[in-house]
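Down below is the structure, laid out as structure tokens.
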Amino acid sequence: MEYNFKEIEQKWQQYWRENAIYSVENGGNKPKFYVLDMFPYPSGAGLHVGHPLGYIASDIYSRYKRLQGFNVLHPMGFDAYGLPAEQYAIQTGQHPAITTEKNIARYCEQLSKIGFCYDWNREVRTCEADYYKWTQWAFQQMFNYWYCNHANAARPISELIETFSTEGNAKVSAAAIETPVFTAEEWNSWSEKRQQEVLMNYRIAYLADTKVNWCPKLGCVLANDEVSEGLSVRGGYPVEQRVMRQWSLRVSAYAQRLLDGLEQIDWTDSLKETQKNWIGRSEGTEVQFKVKNSDMEFTIFTTRADTMFGVTFMVLAPESELVAQLTTKEQAEAVEEYLQRTKKRTERERIADRSVTGVFSGSYAVNPFTGDEVPIWISDYVLAGYGTGAIMAVPAHDSRDYAFARHFNLPIVPLIEGCDVSEESYDAKEGIVCNSPQEGAVPYCELNLNGLTVKEAIAATKTYVEKNNLGRIKVNYRLRDAVFSRQRYWGEPFPVYYKDGMPYMIPEECLPLELPQVDKFLPTESGEPPLGHAKRWAWNEKEATLADVSEIDNKNIFPLELCTMPGFAGSSAYFLRYMDNKNSEALVGKSANDYWQNVDLYIGGTEHATGHLIYSRFWNKFLFDLGIICKDEPFQKLINQGMIQGRSNFVYRIVGTNKFVSYNLKNEYETQQIHVDVNIVSNDVLDIERFRNWMPEYKDAEFVLEDGKYICGWAVEKMSKSMFNVVNPDDIVERYGADTLRLYEMFLGPLEQSKPWDTNGIDGVHRFLRRLWAMYENVNEEQPSAAELKTLHKTIKKITFDIEHFSFNTSVSAFMICQNELSQLKCSKRAILEPLTILLAPFAPHIAEELWHRLGNETTVCNAPFPICCEEYLVESSVKYPISFNGKVRFTLEMAANLTKEEVEKEALANEQTQKYLDGKSPRKVIVVPGKIVNIVL
RNA sequence: GCCGCGAUGGUGGAAUCGGUAGACACGAAGGACUUAAAAUCCUUUGGCUAUUGCAGCUGUGCGGGUUCAAGUCCCGCUCGCGGUACCA
């Protein structure tokens, strides 16, 4: 009987669906296991062969865990809100909801063909109201909470109001926007608006004027992780800095917990490292500098407190509030001109052009250690958003300060013994400190750092600063708050209305606030977001309905927020919703969450390292603070699957002709390299007929062949339509079947490694399945031999080990070796084939299910127990020892397996050949590695 | 610049704890079956030397080192990939 994969795969996919084989209950006697894929954004292009790689890996692991008796949650859904659908809508006028729906249907169709064990009853789509209701709800919670530094957790804003009205804000330590101290009397005397304004400084979701990445082309602000090198990640458009009134999430409040949490989770070091860099913890010192001839003071942040005696000037960021205060009349014009000039430059220009620019403010600062007076400059190499937006410049030990000092001819004072600063600064944090002011020097400071190492000097200076009240020890983080507004249509609406210019939350019982229909998706001419086009988009507090915008003037009707939420809003808590996706009372019910806890295994791409994987950790920690969920880290183990690149093929056209020359002859001609569709090339040999029919211009093409064949060149490139190297999984399933696709994707190479897709090798895997299939033709009931049992149990051991180490490529090899050995033994015994079938089920579920039933089983193989390796079958009767002299193997000796180390040594030395090599001498040393090698040292 | 990862045949890759490098697969060459093709099966396949027999040497990006023994550990490079950056 032929291996008819098409029939088999259809049959079992239908069987699984109709009998709900993969639906999962919350609870039961089995231990739980949660396996999650990063849910896809359904783009119009559909899936290519690279997309399912991680899904196949997680599917294998899920099925394996299920066979081992775990209750496995393995869901799938769609990240459906986002820019591409909206861009498409702008171009074509098609509503994003329609295109998104269509794309999801296409994705589902493609995914269903591969035979995944998803519980589709738990599907979530971020654009559906019963899902985004909980995104809106979480946002409202963030609005209603503040971050208390004492509790090191989010606390309800009501507690804060209570504190303000009884004792003011003096004792409150919060992660918040700097707020002047006020008393309870002051608080109680303020208007509601004033109180709301103050509270806004404390909220975790807050509205504030912030410097944002504005992308004019997209008409939208972007978060830091959505911008790379001054260009938008989506579309590659220029991004500029702008101050806008925006919603932000106080992610920075969680910086330390996000850092600490990395210690408890099982992620790769490189990913943890990326997140650590992104969070960017930096321990340093804040020092107060007085302004000469003024009462003013300002604060700078430094990690090099040891360089206080090398400060020769100060620098302010152009955007710093201090600029206006510290600019003198004489310098006003020059400073204004400089500010205008830097303002015009886009982020990209600043990155491209790093030439030194700056202007003197006219003021001087006083070094609090020495009383020394140094000029205050303004330059755009100092960033307003980091530290205090002002620095002390130590040109001898900072390359940027050095370049600045050189350019403007400012003094350079070295502080490390033996360093040479005539050509460049000495930035390294090592060496012995010198040049502290000596006794009697003017100016003088009693702190003497001479002779200390840099590390010791930093510590000594910190102590001095604290003791003398000159500043404080401070930890800074690079991690910024996440800008949360998007001037866009296709996203979650904010559940917010405005009254008296201040935002208020729509009552929870009125959620979800649904996205209204609009005709036009472009931002409005006035610069307002597309929601400005909505005809009915205002809030009536009393009736809780949407009303005509024309009625806004009416007393009880208030306008809504016109922005929508960014892409990461919907993906930050989706893993929680899968646990309990039908729950209309809560994001996730307590019992469901207590049962599933968190994700045991998360598989997805590394491109989310500083976006989704930071935001969802933050979001999760916030919900943890609220007591909604029981784990503060969402993803216990995380694996990044590598990217699958394309493998492009080329033909070589002789310039100016329609003649094509084969790869190895191309150097004899002047040729032009042209991409050719990989689907009409097999093993780099071009199908000439199909090539002629591929495009009209090649209809009459001629060829210069080698050995009667046209050989194509090849290269590894990104998989994309323009390179004609896209391979569609549907085509592979059609030609070879889903099981072959699954095995081959795993066989390509290590899961975490990026590698090119090359259809050429797939025949080998397909052949294996056919050979395996043939072994089940005449199954008999004979007792298995020792050799057969050994092969089986060796394979069980290997497969179990491999799955647990996510080494799926070597498991496929192990199956091939096993099949090969059994076929040599001509083994078709049920006792061997039955466990082998279960072993194969996670990898190739369709053929395993069919073979399982052919062996006479009634139940599904999905519920069979995973076989266990019996070591006793693996015991060898004899062991082949390579005998080496001085590490070099000379011959191999077969010995009984049960010999002790001493006996092996004895037998090896007694051997005739050994004696020949020894040539009468006695060995210096003999090293026996049991089961491995005997090394004789001469 | 800084941080992280990697480099093994014609190709993808294996080698799990320092113990016979190249498993498994593709490709290639030769053979069997066949009128023929497809399919299937068998043999060979890192390089060099030898080949009527055995075998020998060499070999994991480069240069050193540790060790009886190194693809694997240590030091110094080269190249490639990824992340990140006027972060004070």
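Obtain the nm distance between the two label points defined at A:Ala184 and A:Arg341 by a simple spin-label model: each point lies 7 Å from its Cα along the Cα-to-C-beta direction.
Result for the modelled spin labels: 5.6 nm.
Report relative contact order for region A:171-283 in percent, whole number only (criteria: Cα-Cα under 8 Å, sequence separation at least 6). Don't skip to the end; give the middle numbers.
On the way: 106 pairs, mean separation 24.8, N = 113.
That works out to 22 percent.
Over the alpha-carbon set of region A:403-466, divide Rg by the Kirkwood Rh and report the Rg/Rh ratio to two decimals. Display every interim value, and only then the final one.
Values: Rg = 13.2 Å, Rh = 13.2 Å.
Ratio of gyration radius to Kirkwood radius for region A:403-466: 1.00.
Helix A:612-625 versus the longest principal axis of chain A: what angle, 0 to 90°, nearest 10, using Cα atoms?
Rounded to the nearest ten degrees, it is 70.
Counting only protein heavy atoms and a 1.4 Å probe, tell me what percentage of region A:616-739's accessible area is made up of carbon and sulfur. Intermediate results must be reported in sequence, preceding the final value.
Working: 2670 of 5850 Å².
Its accessible area is 46 percent carbon and sulfur atoms.
Identify, among A:Trp214, A:Gln275, A:Trp190, the residue whose Cα sits farthest towards the positive end of the charge dipole of region A:188-287, taking +1 on the Cβ of Lys and Arg and -1 on the Cβ of Asp and Glu, with the dipole about the Cα centre.
Result: A:Trp190.
Restricting the calculation to Cα positions, tell me the Rg (one decimal) and the Dmax (whole number) of chain A in Å.
Expressed in Å, the Cα Rg and Dmax of chain A come to 34.8, 112.
Which value in deg cm²/dmol, rounded to the nearest 500, describes the helix-derived mean residue ellipticity at 222 nm for chain A, given -39,500 (n - 2.57) per DSSP H run of n ≥ 4 and division by the residue count? Mind dumping the intermediate values first?
Details: 29 runs with 307 residues, N = 938.
For chain A, the value works out to -10000 deg cm²/dmol.
Could you state the angle between the C-alpha long axis of helix A:762-775 and the longest principal axis of the C-alpha atoms of chain A, as a value from 0 to 90 degrees rounded to the nearest 10?
50 degrees
Can you tell me the 0 to 90 degree angle between the C-alpha axis of helix A:830-840 and the longest principal axis of chain A, rounded to 10?
20 degrees
Using the Kirkwood radius over Cα pairs, work out the Stokes-Einstein diffusion coefficient for region A:672-717 at 25 °C and 0.890 mPa s, in µm²/s as a whole number.
Details: Rh = 11.3 Å.
Estimated via Stokes-Einstein, D reaches 218 µm²/s.
What residue among A:Leu748, A:Val678, A:Ala787 has its Cα farthest toward the positive end of the dipole of region A:647-793, where the charges are +1 on Lys, Arg and -1 on Asp, Glu, each on the Cβ?
Final value for the positive-end residue is A:Val678.
Nothing charged except the Cβ atoms of Lys and Arg (+1) and of Asp and Glu (-1): what's the magnitude of the dipole of chain A about its Cα centre? Round to the nearest 20 debye. Mind dumping the intermediate values first?
On the way: 99 positive and 126 negative charges, 294 e Å.
Value, rounded to 20: 1420 debye.
How big, in percent, is the set of alpha carbon pairs in region A:562-601 lying more than 15 Å apart? Mind dumping the intermediate values first?
Working: 360 of 780 pairs.
Percentage above 15 Å: 46.
Sort A:71-79, A:171-179, A:471-479, A:647-655 for me by packing, meaning the mean count of neighbouring Cβ atoms within 10 Å per residue, highest on top. Before the final figure, lay out each step's value.
Values: A:71-79: 22.8, A:171-179: 14.9, A:471-479: 16.6, A:647-655: 21.1.
Descending mean neighbour count gives A:71-79, A:647-655, A:471-479, A:171-179.
Using the Cα centre as the reference, give the magnitude of the dipole from point charges on the C-beta atoms of region A:50-199 (Lys, Arg: +1; Asp, Glu: -1; all else neutral), rounded to the nearest 20 debye. Intermediate results must be reported in sequence, preceding the final value.
Numbers: 13 positive and 17 negative charges, 171 e Å.
About 820 debye.
Determine Rg/Rh for region A:209-300; Rg is computed over alpha-carbon atoms and Rh is the Kirkwood hydrodynamic estimate from the same atoms. Please list the in-between numbers first.
Details: Rg = 18.3 Å, Rh = 16.6 Å.
For region A:209-300, the value is 1.10.
Between the DSSP loop rule and a limit of at most 15 other Cβ atoms within 10 Å, which trypsin sites (Lys or Arg not before Pro) in region A:713-744 are left? Could you put the intermediate results ahead of the total?
Details: sites: A:Lys718, A:Lys721, A:Arg735, A:Arg742; in loops: A:Lys718.
Sites meeting the loop and neighbour criteria: A:Lys718.
So what's the gap between the Cα centers of region A:485-535 and region A:109-164, to the nearest angstrom?
Each part's Cα centre sits 19 Å from the other's.
On a 1.4 Å probe surface of the protein chains, which of A:Asp130, A:Asp427, A:Asp580 comes out largest in accessible area, and what is the full order? Mind showing how you got there, number by number?
Working: A:Asp130 95, A:Asp427 70, A:Asp580 35 Å².
Reading off the accessible areas and sorting them downward yields A:Asp130, A:Asp427, A:Asp580.
Which residue, A:Thr99, A:Leu576, A:Phe703, has the largest displacement toward the positive end of the dipole of chain A when charges sit on each Cβ (Lys, Arg +1; Asp, Glu -1)?
A:Phe703
Can you check how the C-alpha radius of gyration of region A:292-407 compares to 2.2 N^0.38 Å, as a plain ratio?
Values: Rg = 13.7 Å, N = 116, 2.2 N^0.38 = 13.4 Å.
Rg over 2.2 N^0.38 Å, computed on Cα atoms: 1.02.
Which entries of A:Lys790/A:Lys901; A:Lys721/A:Lys755; A:Lys11/A:Lys113; A:Lys499/A:Lys520; A:Lys32/A:Lys113 have Cα-Cα distances beyond 22 Å here?
On the way: A:Lys790/A:Lys901 24 Å; A:Lys721/A:Lys755 18 Å; A:Lys11/A:Lys113 12 Å; A:Lys499/A:Lys520 27 Å; A:Lys32/A:Lys113 27 Å.
Check vs 22 Å cut-off fails for A:Lys790/A:Lys901; A:Lys499/A:Lys520; A:Lys32/A:Lys113.
Just to check, using Stokes-Einstein with a Kirkwood Rh over alpha carbon pairs, what's the diffusion coefficient of region A:117-243 at 4 °C and 1.567 mPa s in µm²/s? The partial results should precede the final answer.
On the way: Rh = 17.7 Å.
Rounded to a whole number, D works out at 73 µm²/s.
Percent of alpha carbon pairs in region A:732-813 separated by more than 21 Å?
Numbers: 1401 of 3321 pairs.
Beyond 21 Å sits 42 percent of the P(r) for region A:732-813.
Using C-alpha positions alone, give me the convex hull volume of region A:607-729 per residue in cubic angstrom. All intermediate terms of the calculation are to be shown ahead of the outcome.
On the way: hull volume 19.5 nm³, N = 123.
Spread over its residues, the Cα hull of region A:607-729 gives 158 Å³ apiece.
How much accessible area per residue does chain A have, counting only protein heavy atoms and a probe of 1.4 Å, in square angstrom? Walk me through the numbers before you get to the answer.
On the way: 43020 Å² over 938 residues.
Heavy-atom SASA per residue in chain A reads 46 Å².
What is the spin-label model distance, in nm, from A:Glu668 to A:Arg771 if the labels are put 7 Å beyond Cα along the C-beta direction?
4.0 nm
Could you report the accessible area of A:Ile412 in Å², rounded to 10, computed with a 1.4 Å probe on the protein chains as they sit in the structure?
Counting only protein heavy atoms, the figure is 40 Å².
Report the relative contact order of region A:780-932, percent, no decimals, based on alpha-carbon pairs under 8 angstrom and at least 6 residues apart. Walk me through the numbers before you get to the answer.
Details: 140 pairs, mean separation 30.2, N = 153.
That works out to 20 percent.
Can you list residues whose amide H is under 5 Å from A:Tyr34's amide H, if they're 5+ apart or on another chain and H is modeled 1.01 Å from N?
Long-range HN contacts for A:Tyr34: A:Leu73, A:Asp600, A:Leu601.
With the convex hull built on the Cα atoms of region A:825-938, state its orientation-averaged projected area in nm². Could the numbers behind the result be given before it?
On the way: hull surface 40.4 nm².
Result: a mean projected hull area of 10.1 nm².
The values are calculated or read from the model by the stated rules, or taken from the named source; none is laboratory data. What you see is a predicted model; the values in this text were computed from it and never measured. A quick note on method: Cβ atoms are made from the backbone with ideal geometry, for glycine too, and the neighbour counts reach across all protein chains shown. Ligands, DNA and RNA are excluded from the accessible area calculation, which covers all protein heavy atoms including side chains. Shrake-Rupley method; radii C 1.70, N 1.55, O 1.52, S 1.80 Å.
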